Amino acid sequence: MKVVIVKDYHELSFKAAQLITEQITKKRNSVFGLATGSTPEGMYKELIRLNQEAKVDFSQVITFNLDEYYGLSLEHPQSYYFFMWNKFFKHINIKKENIHLLNGITENIDKECVQYEDLIKKSGGIDLQVLGIGDNGHIGFNEPDISLNTQTHLVNLRAKTIQANSRFFSNVQEMPKQAITMGIGTIMRAKNIILLANGKRKARVIKKTIDGPITTKVPASVLQLHNDVTIIVDQEAASQFISQQ
Ligand code: PGA
């Protein structure tokens, strides 16, 4: 794993946007796996700025989002569909038909998941997958005690995740208890992966991810088995990792 420690959130967002831009420069029709959450918001803002200044072109880019809450309509302000359109897609020159998001209100979960995997395969596979990380080590919504070979599937969210993400809902009852997510198998097939983390809250899990044992109890630790992962962390998120060096 390559670990890049940056000063603060601003630099993290800048560095992540730079890696995305470099990937598009190498291959105009790159396929990206994209993440939601508060962590990548700054990266999206930076990419919007670069696109508006004509420094990056998304016209050939293809995207697949990592996950979606199960049971939230597309228009729900907390759906990841809503997040992606409002915070990123509507501001850049990406083609609508090149954007892929999971449908959280599908009537046929199995079909939705199989079709999603097929679409990823048909697009040639993910060139660069962007990940955040949950306090409990989840990537996408692959919660602790994952199985390693999973494809896109429906998951029950852990209490810790429900608690953490309920901050975006008016109360914890409103927060969905299930989600559809790319599996660990899907993520591990991406050719390159970047994982972003900032703030003290992530310091413990970042240390476990980078130099802890590879364990299904910390899903992100499995990334140690991938041959092209870059972890970008700010000094706060790196604090427990650095103190061991
Ligand atoms: P966050 O969420 O970016 O809002 O911290 C990350 C995650 O839960 O994957």
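The values are calculated or read from the model by the stated rules, or taken from the named source; none is laboratory data. Source: prediction; values computed, not measured. Ideal geometry is used to build each Cβ from the backbone, glycine not excepted, and the neighbour counts take in all protein chains shown. With ligands, DNA and RNA removed, areas are computed over all heavy atoms of the protein, side chains included. Shrake-Rupley method; radii C 1.70, N 1.55, O 1.52, S 1.80 Å.
Before moving on, here are some points about what is shown:
- For LYS2: the one exception among (1) open to solvent by less than 40 Å² (accessible area, probe 1.4 Å); (2) under 18 Å from the mean Cα position of the chain (by Cα): (1)
- Selection within region 35-77: residues that are open to solvent by 20 Å² or more (accessible area, probe 1.4 Å) and of a type in the set (Asp, Glu). The member of this set that is nearest to LEU154 (Cα to Cα) is GLU75.
- Residue under evaluation ARG158, criteria (1) in contact (Cβ under 8 Å) with a residue 24 or more places away in the chain; (2) open to solvent by 90 Å² or more (accessible area, probe 1.4 Å), criterion not met: (1)
- Inclusion of SER170 among residues that are modelled with pLDDT under 95 and in a loop (DSSP other than H, G, I, E, B) is warranted.
- Condition broken by THR215, with the remaining ones in (1) more than 22 Å from GLU68 (Cβ to Cβ); (2) within 15 Å of the ligand (Cβ to nearest atom); (3) of a type in the set (S, T, N, Q); (4) open to solvent by 20 Å² or more (accessible area, probe 1.4 Å) satisfied: (2)
- Count - residues of region 218-234 that are part of a helix (DSSP H, G or I) and either within 14 Å of the ligand (Cβ to nearest atom) or surrounded by 18 or more Cβ atoms within 10 Å (Cβ to Cβ) (or both): 5
- Of everything listed in (1) of a type in the set (Val, Ile, Thr); (2) in a loop (DSSP other than H, G, I, E, B); (3) buried (at least 18 other Cβ atoms within 10 Å of the Cβ), the single unmet condition for ILE194 is (2).
- Annotation for region 178-188: at least one member residue is more than 16 Å from the ligand (Cβ to nearest atom) and either under 20 Å from SER147 (Cα atoms) or open to solvent by 10 Å² or more (accessible area, probe 1.4 Å) (or both).
- Elements of type strands (runs of 3 or more DSSP E) in region 1-73, at least 3 residues being within 16 Å of the ligand (Cβ to nearest atom) and touching a helix residue (DSSP H, G or I) at 6+ places or on another chain (Cβ under 8 Å): 67-69
- Total residues in region 197-211, condition crowded, with 24+ Cβ neighbours inside 10 Å and not hydrophobic (A, V, I, L, M, F, W, C): 3
- The lone criterion from (1) closer than 18 Å to TRP85 by Cα; (2) open to solvent by 20 Å² or more (accessible area, probe 1.4 Å); (3) touching a strand residue (DSSP E or B) at 6+ places or on another chain (Cβ under 8 Å) left unmet by PHE32 is number (2).
- Each residue in region 17-67 was checked for being charged (D, E, K, R) and closer than 22 Å to ILE184 by Cα, and 1 of them qualify.
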